[in-house]
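The values are calculated or read from the model by the stated rules, or taken from the named source; none is laboratory data. Since this is a predicted model, take the numbers as computed values, not measurements. Remember, those area values only see protein heavy atoms, side chains included, never the ligands or the DNA or RNA. Shrake-Rupley method; radii C 1.70, N 1.55, O 1.52, S 1.80 Å.
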Amino acid sequence: MCFGRCARCVGYKLLILALLCIVANTLLYFPNGETRFASEHHLSKYVECLHGILGGGFLVLIPAAVFIGLHDDNCCGCFGHEGCGKSCAMLSSVLAALVGILGSGYCIIISALGLSQGPYCLTHLERNWIYPFTDSSGGYLFEYNKWSECQEPQNIVQWNVTLFSILLVLGGIEFILCFIQIINGILGGLCGLCCSHEETYVC
């Protein structure tokens, strides 16, 4: 099994997922495509945590670039003379995967908290900017009749629920892929080291 090829495959998937996270988080800043709510600081505090841009985005782009940069022309060195160097590269990819784990984990946690708390909006009852669903502990997600309590931004509940849910799913997939690469990197590194040692004894 060529572990380097598997790592590159994971890297390309992470690259796409990271870019999608950045886009989703950016859209959270502009409900209905309007910029005034961001400039007036009328957004949920979890939107400003940059969990999709920083966590699921840039922190995942780091391992993605590392994985894509791995070369496997010789199946991680298992059949050639570059086993040591390639084994070290595979083992070092584990560190990059840990960075991805941290970033995607941050994205998952903040997305879950954002869904649980609900949007920050102007309600027709209070006539003030509040978090109307804080006490529901996420129960509002299934009480669609209460979503109309938010007057501004329009359709902010649907907007937040959709984008936070997307970020939660994307972060979860990133987490799984990075975990897979940790296993792949360890196995690839050990395989290369063992095979390089066998070659030394044969020589």
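Here is how the numbers come out for the structure above:
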item	result
Failed item in (1) of a type in the set (A, V, I, L, M, F, W, C); (2) open to solvent by 40 Å² or more (accessible area, probe 1.4 Å); (3) modelled with pLDDT of 95 or more; (4) within 16 Å of I110 (Cα to Cα), with L61 passing the rest	(4)
Boolean, C6 is open to solvent by 70 Å² or more (accessible area, probe 1.4 Å), part of a helix (DSSP H, G or I), at pLDDT below 90 and more than 30 Å from P153 (Cα to Cα)	no
